[in-house]
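Bear in mind that the values in this text are calculations on the coordinates, not laboratory data. In this text, all values refer to a predicted model and were calculated from it rather than measured experimentally. Neighbour counts are summed over all protein chains in view; Cβ atoms, including those assigned to glycine, are modelled from backbone coordinates with ideal geometry.
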Amino acid sequence: MKKMNITLILGVFIVATLLLMSFFPRIFSNNDPNLRLGRIQVHEVEQNGEAVREFRSAPHPPSSQALLGTDEISRDVYTRIIHGTKVTLTCVFWVSFFRILVGLPIGLLAGMRVRYIPKILRVANSIFTTIPSLILCFVILNIEYIRNLPLSQSMPIFIFILTFVGWPKLASLVEEKTTKILGEEFIEGEIALGKTRGEIVRQNVIPHLTPSLISWGFLEMGLILFLLAQLSILGVFIGPRQGAMIIDGNPSWFTSLDPEWSSMLSRAAIDISRGNYWLVFFPSLAFFIGITGFNLLGEGLKEEFNKRDSRVVSIIRRLGYQLSPKLYLEQVKNLRRFYRPVLIKSSALVLLLFFVFYPNAESLYAFNDHRAVNHLEAMTHQEKGEDGVREYIIDEMKRIGLLSFPEEGYGMDSEGETLVGVIPGENWERVSSGKEDLRKDYIIIIGARYDGIFEDDKLSSLTRATAAANNLALAETLINTDEPLSQTTLIVFWDGGGEMVNMAEPNRYMVRPVFPHNQTDYVYIDMGYAPNVEQRSLQVSLYSSRAQHIQFQSLMHSIQENLEKVDLRHHFSMNMRGSGAVVSLYLNSRYSLMIGQEYYQFMEDESNELFDVNFEFMKKQGQFIVDFITMTDLFD
Amino acid sequence: MKSEVKKAIYKKTLKKGFFLLLVIIILLLITSVPVNFNFDYVDGDIAINTTWRQIRNNAVENLNLFFTGRIFLVDMDRGTLGGMLLISSLRSFSVFTFGLLLGLLWGIPKGVLDRRKIHQKGTLKSLQKILPFSMPEILIILGIQVLATYLYTNGYSPIPHGGYRTWMNAIYPIIAISILPGAYIAKTTAESIQDQQNQPYIRVARGKGCSSFRLFRVHYLRGIILDLFGALPTILVMMFSSIVIIERMFYFPGLAYYLVEFYTNSMGNVHRAGIAFSLFIVAMGVFYFLLYQLADFLKTWVRPVKESS
């Protein structure tokens, strides 16, 4: 009886489980990884023979409610480990893949002693021998800009840097193996047959190298996971971080938004010193299991490849043969004979293509950019300067049909400079009567500045009018939807003032005058200025002092997807940006999304003309907000 | 002949020295970028928060300070940079050296004891080979810290396990750093004994009634030492990454601890932190380079000795 390769079986089992956790995390945990379980827990303890109640704040140790305990902001450690598998393994897989992709050709060429390649490889190896990869990765990946990037942008940078520091070692292994293969006796036979070097590499070296390469690939994954665990202790992890326990606008410390293994170890030193061992033990255990899985798989495969009659090897070879495009074309040519494999392969190919090129959902409502341009022209040709702009906006708000609430006229403050119009949503009756469900109901505020367009009744900046023009066009699109929006929306036009107001001010300043009887919750969207024709991307920032709120992470991903859908080149950040007048409004919102440029130098330029405005971006800016409000169901 | 060998050694040393100098210069140039380096979004475009002029000035300053030796006199909050470097290097070096010695001390006997298990084939052997090296340092450190806290708080041990006040603070970092190399040493020792077990001279010695201890002392030990020299580069690389993590986790103020501190915390002054960071990263680089070269030399020296024996 053949002896079973238990190492390989164990490795396959662990890696398959990890993959299952990556693709179907809900099988293992149905909780939201960002859900905050009860922050304060009440425990009955005995003190001096009496049962007393004790209040304990997060982190909570493992219990029936949270199997592996909770972290400092009360998120379930178990759920975060399960949901974090995908991010961690994706990074590990791609780094290993790219290290092979870079290391294989260079190692092959070095093994064949092609010109300067062996020297280049030796120098690269020496450099990475002198500068430890851990330090190098730490220095680069700790740059604040990288630390604040959203996951979709942070991941490629991690992949690039980890590939960069690790390819020479793999290339050296390939070089060593290639030299060994080229020194074999059968190669002399091939040379005698008149084969070129290229043919020898293609037909002899690569097939002999493939098994080792597969095994190295898995061992490399183990090493990358090891490096990620080390980096995590130095506070470096994939994905953005968000301030936690914000006091006076300053976070006490930072935590990760996306669940990811290394992020869970970023405060390991503090957690251990505070005795919160479970916060370090379980994520480290996840790393240990992951590294063990990849190492077992790599070693198991190595063992298998050394056998002369290995079934695994024959399966891999057969699979490689079956998936070869050459064979597929042959089978297509002889369709009658091979109709079954052709059918299966074609269906798989169609499915794959469908999956890759699946079109995004069309926008439900088109943003009227022509209207925005008309507004822009009208606003910048007001004879009465800034007063004229205000009157124009009020007239347009009336024409569009925005409600003024609670009083006549749209002026909100005593000077009537900040203008507010309401687009009633499904929750309008509840929020306007003060009977809203505070857990569910909230409003959306979309704000744009209209100040600084004129100076002494003379046009000083055309670009400054773009935000208000876009906001008017947006209001018209949103009020004309077939069905009312689910949330009531306030369209606001701010008039200047860059001063910071008291933290508690926004509710009083903004929401209370409109809904004086309650504490309405809100989401704030800030319409920034349009870029000029020379600018290549638009600024987008997302901020929330409650970033660990349920579904914030999904929301962030959804925003990214929507931005890609409207093909909006952007620079994404997790900082608080936007019009200075409403900075404090951001702090009390569920979250704030700023889209558009902040003040930039060109705006005050004398040559600031209509044709300098980047209308393409302006249109995408408006369309993105329309889609975001009408198609994204992520406000709850 | 001898002069040719000497020439070759000089040439190689010169080459390595030149390479080290080049690396130092590269490191000094790289670290001319301020520690608070960042990208920002200005006028609709991504821009760096520093200027090329500033980076160039920093580079000139770094090179100037380093090659004139004035970098060691830069005043930091905790004394001069040279003083800090000296003390932290000594601490790191002690942890490193004693960690290696401790690893040898328990690794070799464990390897000798494990030699019987070497006969076991298949899964168990593979697991023994794989599991210790799949364990991230953090798990080892956690185990040690939990144990240390338990012993300390219950009055079983007077050894503190964080920061640095006395030499006793180095004990747990030494234990932590010795675990992985110790496991590797044990594995190498066991494999070395296994390789030698079937050699004719061992069989003869055993046939003539040589005791196990004598057999170990006279025959196996030589092979083990040669194999360990061969494994030294791997062990040192392993220890080097570990020391960064261990110093951080135990708040042990060695080279790596300060390096991370200068980079992340800036210790109040970005400019001085940048200079300190440059010096510490160069020191780490030189330390790593010398260790690696030493290990490499030993490995190269061992190979012919082993072959001839």
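Annotations
- Geometric extent, Cα atoms of chain A - Rg, Dmax (angstrom): 30.4, 97
- Principal axis analysis of the Cα atoms in the range A:22-116 yields extents of 83, 28, 16 Å, listed in decreasing size.
- The charge dipole of the range B:75-308, taken about its Cα centre with unit charges on the Cβ of Lys, Arg, Asp and Glu (plus for the first two, minus for the last two), comes to roughly 1280 debye.
- Among the listed pairs A:K307/B:K125; A:K180/B:K110; A:K180/B:K11; A:K180/B:K125, those beyond 26 Å (Cα-Cα): A:K180/B:K110; A:K180/B:K11; A:K180/B:K125
- Put simply, the Cα atoms of the range B:125-232 extend 56, 27, 23 Å along their principal axes, the longest span coming first.
- Gap separating the Cα centres of the range A:158-180 and the range A:440-464, nearest whole Å: 55
- Label-point separation in nm, B:I159 to B:R203, each point 7 Å along Cα→Cβ: 4.6
- Ordering B:G223, B:N154, B:M168 by Cα displacement along the dipole of the range B:75-308 toward the positive end leaves B:G223 in first place; charges were set at the Cβ atoms of Lys, Arg (+1) and Asp, Glu (-1).
- Taking all C-alpha pairs of the range A:294-407, those more than 17 Å from each other amount to 77 percent.
- Measure of compaction for the range B:182-273 (Cα Rg per 2.2 N^0.38 Å): 1.81
- When +1 charges are put on Lys and Arg Cβ atoms and -1 charges on Asp and Glu Cβ atoms, the dipole computed for the protein assembly as shown relative to its Cα centre reaches about 8740 debye.
- Gap separating the Cα centres of the range B:1-29 and the range A:31-70, nearest whole Å: 62
- Selection from A:V280, B:I179, A:L327, by position along the positive dipole direction of the protein assembly as shown (Cβ): B:I179
- Those residues of the range A:295-319 whose amide nitrogen sits under 19 Å from the label point placed on A:R340, 7 Å along Cα→Cβ: A:318-319
- Here the Karplus curve 6.51 cos²θ - 1.76 cosθ + 1.60, taken at θ = phi - 60°, turns the phi angles of the range B:20-28 into couplings of 4, 4, 4, 5, 4, 5, 4, 4, 5 Hz, with x standing for Gly and Pro.
- Size of charge dipole - the range A:370-494 - debye, nearest 20, with Cβ of Lys, Arg +1 and Asp, Glu -1, no other charges: 400
- Reported value for chain B: 210 Å³ per residue, from the convex hull of its C-alpha atoms.
- Legend: mean number of C-beta atoms from other chains within 10 angstrom of residue C-beta atoms, peptide B:137-148, equals 5.
- Length gained when the stretch B:T166-B:F216 is fully extended (0.36 nm per residue, less Cα-Cα span): 14.1 nm
- Across peptide B:127-134, the average count of Cβ atoms from other chains found within 10 Å of a residue's Cβ is 6.
- Cβ neighbours within 10 Å from other chains - mean over A:230-236: 5
- Base-10 log of normalised Debye intensity for the range A:76-165 (one unit scatterer per alpha-carbon) at q = 0.13, 0.25, 0.26 Å⁻¹: -0.58, -1.24, -1.27
- The range B:41-199 - convex hull of alpha carbons, volume per residue in Å³: 269
- DSSP-loop trypsin sites (Lys or Arg not before Pro) across the range A:5-81, with at most 15 other Cβ within 10 angstrom: A:R39
- Amide H contacts of B:V74 (H built 1.01 Å from N, under 5 Å, at least 5 apart or other chain): B:L81, B:G82
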